[in-house]
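The block underneath contains the structure these notes are about, expressed in structure tokens.
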Amino acid sequence: RLAAKLAALRVAEEMEEPVGKTVGYHFRSESQSSPETRLRFYTEGILLRRMLSEPSLDSVAAVVLDEFHERHFHADMALSLLRHLQKTKRPDLKIILMSATLDQDKISRFLGDCPSFNLEIPAHPIEIIYQASTSREPLEKQVLQAFRDVLRKNSELLRSHNTLIFLPGRREIERTRTCFLDAGLDHEFEVLPLYGDLSKDQQNMVFQIQKRPKIILSTNLAESSVTLPKIRCVIDSGLRKEADFSPWSGLPVLRTKPATKASLIQRAGRSGRLGPGICFRLFSKLDFEGRPAFDNPEIT
């Protein structure tokens, strides 16, 4: 939801128009559009609802599925329905899939050997630092030690830019924030959480200009969905919450699992958008090399 709203606001700003005119957004509990709107940013769930109420999508010329490497259930479901629609009632419908890390060959075949386009953007160099050995310390203490190590060697950089720390979930974020506050880092840095269940005001604090540099403790929300300002350092736990299925209870569950290479590459890239960056990974290079390349599709 946050990604859809921020993307719409940014594009409307570039068009020098208020959001809701040419550019709008729609997600659960909030919508901003008008009869003039030609570009709508949806969450994947709202897209499926739209397809239920308007199966032929007669008023839609093109659908773009962004960050497709995440392989959410709703995204795969939408792609299947869109491709079926394209092969039957709507051969004129355009389907575009985008991501910085994408398994292009398989997707191209599924879409009838469609063309692929690579946009090469000059990248700033990123220094990748791996943890030498596995630590038995609690995750929050590992993160604090990693931040102190990077701060000691790159004091000027961290005191003039923001740091982004990837953690698997809300509980880990709150524990790490408490650990940072207990260490007294809030005297010099703004220590801010970022996850989907925060209020709008709390989320907006991450984007507001502050006098002190920020330490942003985030879930994978900041991996590809949201671009945060002035990030030059990333500390990556290498973990993420994934939707799974419990055969014992028959219920969906969230499990903490190692992130894939595609996710880790996305995360590291957040540090190199403005200039040379640093990414400290709380695992070894051997661990990284042994991880799967892409996420397993939730639909499986």
Test: residue in segment 195-212 that is open to solvent by less than 60 Å² (accessible area, probe 1.4 Å), of a type in the set (Gly, Ala, Ser) and closer than 25 Å to ILE129 by Cβ: no
Residue tally, condition without any contact (Cβ under 8 Å) to a residue 12 or more places away in the chain, farther than 30 Å from ILE265 by Cα and not charged (D, E, K, R), over segment 52-99: 7
Test: residue in segment 21-30 that is within 29 Å of ILE107 (Cβ to Cβ) and among the polar types (S, T, N, Q): no
Residue that is nearest to LYS285 (Cα to Cα) [pool: residues in segment 133-147 that are open to solvent by 100 Å² or more (accessible area, probe 1.4 Å) and touching a residue at least 12 places away in the same chain (Cβ under 8 Å)]: THR134
Qualifying residues in segment 27-74 (those that are part of a loop (DSSP other than H, G, I, E, B) and of a type in the set (Val, Ile, Thr)) - the one least open to solvent (accessible area, probe 1.4 Å): THR37
Breaking point among (1) buried (at least 21 other Cβ atoms within 10 Å of the Cβ); (2) more than 16 Å from the chain's Cα centre (by Cα), for THR256: (1)
Of all residues in segment 80-123 being under 25 Å from ASP287 (Cβ atoms) and not aliphatic (A, V, I, L, M), the one that is most open to solvent (accessible area, probe 1.4 Å): ASP103
TRP248, sole failed condition from (1) part of a loop (DSSP other than H, G, I, E, B); (2) surrounded by 12 or more Cβ atoms within 10 Å (Cβ to Cβ): (2)
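The values are calculated or read from the model by the stated rules, or taken from the named source; none is laboratory data. Values in this document were obtained by computation on a predicted structure and should not be read as measured data. Every residue, glycine among them, receives a Cβ derived from its backbone with ideal geometry; neighbour counts consider all protein chains shown. Each accessible area value is taken on the protein alone, full model and side chains, heavy atoms only, with ligands, DNA and RNA left out. Shrake-Rupley method; radii C 1.70, N 1.55, O 1.52, S 1.80 Å.
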